[in-house]
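Reviewing the structure listed below.
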Amino acid sequence: MLAALSACQNPSPDNTTGPDLKTQDINSLKCNILVDYVSRQFDMRGEKLILSDEGSRIVFGDTIAFELANFGRNPRTARPTEHHKRMAQALIELSEKNAIRPTHECDALAELKATRSYKPTAAYKEQAKSEELLVLPYTVLSVQMPIVDSAAREAIFDTSTYCGPLCASGQLIKYTQNPDGVWVYAGATETWMS
């Protein structure tokens, strides 16, 4: 899957999309990143996983810039820069719109959902509703379309998982472009948990 991520052109250091990256290239890059990430989730998780049609929603927007500034750091003492604040604002605005549904924007992601998502039976869904389970026997994964910053050679997006009323969490996911032009998974940081 990572080979597909290298097909995208090198970004311009001047702006967010860059003159070398056409809108079609940016959209392909975003979809390729999501397919890579979601495929990893299906491969890594032992439990039953459902990919949601809904985009992920940022719950605690005021902490996003701090999380971006401290991505992968311990202790977490860095102050957000203007870059972190701009990225956080873009993520929050995208989350609030919730108009972009990744599985509707990315055919490969929709195919992944169709072929790999767990499909509970109608009888099971009714049983789960009637018993008001606190923890479901499956997990629902929601992802947001990535925000690509070509100058920083990074893509950030929000994800959330739901496995019951007291079993949910959110994370920011980062991909970076290495010197060879390949976009690779660079890590995750938790933003909330219930």
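Just a few scattered comments:
- Positions within the range 171-187 being open to solvent by 40 Å² or more (accessible area, probe 1.4 Å) and among the aromatic types (Phe, Trp, Tyr), in sequence order: 185
- Taking the range 135-154 as the range and being outside any strand (DSSP E or B), in contact with a strand residue (DSSP E or B) (Cβ under 6 Å, 6 or more places away or on another chain) and farther than 15 Å from residue 120 by Cβ as the test, the residues that pass are 144, 146, 153.
- Single condition residue 128 does not satisfy, out of (1) at pLDDT 70 or above; (2) open to solvent by less than 30 Å² (accessible area, probe 1.4 Å); (3) outside any loop (DSSP other than H, G, I, E, B): (1)
- Scanning the range 139-160 for residues that are closer than 17 Å to residue 188 by Cα, in contact with a Pro (Cβ under 7 Å, 6 or more places away or on another chain) and open to solvent by 10 Å² or more (accessible area, probe 1.4 Å) yields 145, 153.
- Check on residue 111, open to solvent by 90 Å² or more (accessible area, probe 1.4 Å), at pLDDT 75 or above, of a type in the set (Asp, Glu) and not in a loop (DSSP other than H, G, I, E, B): yes
- Number of the exception - residue 80 against (1) outside any loop (DSSP other than H, G, I, E, B); (2) surrounded by 16 or more Cβ atoms within 10 Å (Cβ to Cβ); (3) at pLDDT 80 or above: (1)
- Verdict on residue 21 being within 15 Å of the chain's Cα centre (by Cα), modelled with pLDDT under 85, of a type outside the set (Ser, Thr, Tyr) and open to solvent by less than 20 Å² (accessible area, probe 1.4 Å): no
- Number of the condition not met by residue 190 [criteria: (1) open to solvent by 50 Å² or more (accessible area, probe 1.4 Å); (2) touching a residue at least 24 places away in the same chain (Cβ under 8 Å); (3) within 21 Å of residue 65 (Cα to Cα)]: (2)
The values are calculated or read from the model by the stated rules, or taken from the named source; none is laboratory data. All values derive from a computational prediction rather than experimental measurement. Here Cβ is always computed from backbone atoms with ideal geometry, including for glycine, and neighbour counts include all displayed protein chains. Remember, those area values only see protein heavy atoms, side chains included, never the ligands or the DNA or RNA. Shrake-Rupley method; radii C 1.70, N 1.55, O 1.52, S 1.80 Å.
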